[in-house]
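The structure appears below as structure tokens.
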Amino acid sequence: MSRITPVSIEHAPDAARPLLSGIQKSLGSVPNAFRTLAHAPAALGGYLALSQALGKNSLSARQRETVALATSEVNGCDYCLAAHSMFGRKAGLDDSAIELARRGSLDAVATFARQVTESRGQVSDEQLAEARAAGLSDAQIVDIVAQIALMTLTNYLNNVAQTDVDFPAVQPLTEE
């Protein structure tokens with residue numbers, strides 16, 4: 001059970017209602033993560049603005065979902081793992097690719113996202129050089145960090161709130 005009760009559109013703060021209505025129009029429903037974030041309309045608005053802006057960055061939808069999966073795995077967010085496994089499939093990731101993204105071994109994007117998240121941004125010179133040698137541009141590196149920041153907001157909120165997962169659950173990764 002959630003430790004922060006998600007709010008309905010009708011019971012949300014006035015400033016959050018149009019944002020939640022927009023999400024409902026776009027997705028067909030309002031996931032619990034957004035309903036929880038709606039307690040703080042400025043946080044919800046900031047999240048949505050950054051998410052929309054990052055939708056136009058140098059990363060493809062598949063790469064953005066790869067970052068989301070790698071980051072959410074490191075941050076232990078079951079909610080975002082479930083949500084982004086579903087969104088990842090829509091972006092072209094199959095079950096094997098989703099698992100590899102979570103492990104940080106799918107590609108250079110997954111590897112770098114996991115390294116940044118695990119080190120809280122304190123990547124080594126060697127890790128940055130490896131990311132560039134693997135073909136990541138400086139724009140992509142910046143966009144990966146921005147995507148991690150967006151995911152960390154929802155990962156941490158869902159972990160604090162213990163948000164009820166309203167997406168198909170995913171299994172924990174097994175040790176390799």
Study note, to complete from the structure: Placing +1 on each Lys and Arg Cβ and -1 on each Asp and Glu Cβ in the range 44-176, then taking the dipole about the Cα centre, the residue among ILE98, GLN140, LEU173 whose Cα reaches farthest towards the positive end is GLN140
Check your understanding: Ignoring ligands, DNA and RNA, what accessible area per residue does the chain give at 1.4 Å, in Å²?
Key -> 51
Exercise for review: Specify the inter-centroid distance of the range 97-121 and the range 143-176, based on alpha-carbon positions, in whole Å.
Suggested key: 13
Exercise for review: May I ask for the Kirkwood hydrodynamic radius of the range 36-124, worked out over all distinct Cα pairs and given in angstroms to one decimal?
Suggested key: 13.5
Review point. Which translational diffusion coefficient, to the nearest whole µm²/s, is obtained for the chain from the Stokes-Einstein equation, given a Kirkwood hydrodynamic radius over C-alpha pairs, 25 °C and 0.890 mPa s?
Key: 148
Check your understanding: Tell me, what is the FRET efficiency for SER26 and ALA139 to the nearest 0.05, using R0 = 30 angstrom and their Cβ-Cβ distance as r?
Key -> 0.65
Revision key, fill the gap. Answer in debye to the nearest 20: the dipole magnitude of the range 1-81 about its Cα centre, from +1 Lys/Arg and -1 Asp/Glu charges placed on Cβ, is 180
**Study point:** Dipole of the chain [Lys/Arg +1, Asp/Glu -1 at C-beta], most positive-end residue of LEU19, ALA129, ASN75
**Key:** LEU19
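What FRET efficiency do you get for LEU128 and ALA42 if R0 is 41 Å and r is their Cβ-Cβ distance, rounded to the nearest 0.05?
0.80
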**Study point:** the range 72-154 - Rg (one decimal) and Dmax (whole number), Cα, Å
**Key:** 12.4, 34
Point to revise | Theoretical gain in end-to-end length, SER2 to ALA49 [0.36 nm per residue, Cα-Cα removed] | key: 14.4 nm
Check your understanding: To the nearest 20 debye, what is the magnitude of the charge dipole of the chain about its Cα centre, counting +1 on the Cβ of each Lys and Arg and -1 on the Cβ of each Asp and Glu?
Key -> 600
Review point. Helix 41-54 sits at what angle to the longest principal axis of the chain, using alpha carbons and giving 0 to 90 degrees rounded to 10?
Key: 40
Review point. Okay, helix-only estimate at 222 nm for the chain: each DSSP H run of n ≥ 4 adds -39500 (n - 2.57), divide by all residues, round to 500 deg cm²/dmol; what do you get?
Key: -20000 deg cm²/dmol
Review point. In degrees from 0 to 90, rounded to the nearest 10, what is the angle of the helix 61-74 Cα long axis to the longest principal axis of the chain?
Key: 90
**Study point:** Within the chain, longest stretch clear of exposed trypsin sites (Lys or Arg not before Pro) (DSSP loop, no more than 16 other Cβ within 10 Å)
**Key:** 57-119
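The values are calculated or read from the model by the stated rules, or taken from the named source; none is laboratory data. Everything numeric here is computed off the predicted structure, so don't read it as measured data. Reconstructed Cβ throughout: ideal geometry from the backbone, glycine too, with neighbour counts over all protein chains shown. To get the accessible areas, we keep the full protein, side chains included, count just its heavy atoms, and leave off ligands, DNA and RNA. Shrake-Rupley method; radii C 1.70, N 1.55, O 1.52, S 1.80 Å.
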